[in-house]
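Have a look at the structure below before the remarks.
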Amino acid sequence: DIDEPPYTLLNYVQKWGMVALLTMCTFWSSLGSPIYYPALKQLEKQFNVDEDLVNVTVVVYLLFQGIAPTVSGGLADIYGRRPVIIIGMIIYVGVSAALACCNSFGVIVFLRCVQSACISPTIAISSGVVGDFTLKHERGTFVGATSGFALLGQAFGSLIGAALAAAWDWRAIFWFLVIGCGTSLAIVFCLLPETKRTL
């Protein structure tokens, strides 16, 4: 009678460690939209555009937040969870830096689309990662925790954005995203394992 290999090599504490790592990835997606709201008036003044046009930069972010995971979920199934998450975070950091330096409103709209498209898939993929390393009886706990912590960005985004916009200006918001997501990226790059079971 041969013992079956364990479903996962992670113990209970390490699984919560994985939840913390995944939260580092997903937090920046949920933060990206609300952190930007307090800066809309500053953008109106700087680029001399009306409120409706500035709101387009919010709408396109939310639009791509819904569309992008449908494509990237398939990529994560083919190439693995880790590379799709890491590449998305790298692009997000680069695009956030470009947004901080941007002097064209049209380019800001385009970059907001790219910013959303590359980071929003992390939320969907993180649920796949949790499914990879959990057993059925505990899956709800870990998926719920990962999804819940991911939404912390929605809770605190506007507060952080308002503080940054008041202390400096709208560009500081994007530099904050560069530093924060860049730090998370370094940690995730070093610690997040590939969990796709066929790999």
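Accessible area per residue of region 50-118 at 1.4 Å probe, in Å²?
Here the per-residue accessible area is 45 Å².
By the helix-only formula, in which each DSSP H run with n ≥ 4 contributes -39500 (n - 2.57) and the sum is divided by residues, the chain has a 222 nm mean residue ellipticity of -27000 deg cm²/dmol. Expressed as a whole percent, the accessible surface of region 1-132 that belongs to carbon and sulfur atoms is 67, based on a 1.4 Å probe. The mean sequence separation of alpha-carbon pairs under 8 Å and at least six residues apart, normalised by the residue count of the chain, gives a relative contact order of 40 percent. Computed in the context of the full set of protein chains, the accessible area of region 144-199 at 1.4 Å probe radius has 75% of its extent on carbon or sulfur.
The values are calculated or read from the model by the stated rules, or taken from the named source; none is laboratory data. If you're wondering where the values come from, they're calculated on a predicted model, not measured in any experiment. Heavy atoms of the whole protein, side chains included, go into the accessibility calculation; ligands, DNA and RNA do not. Shrake-Rupley method; radii C 1.70, N 1.55, O 1.52, S 1.80 Å.
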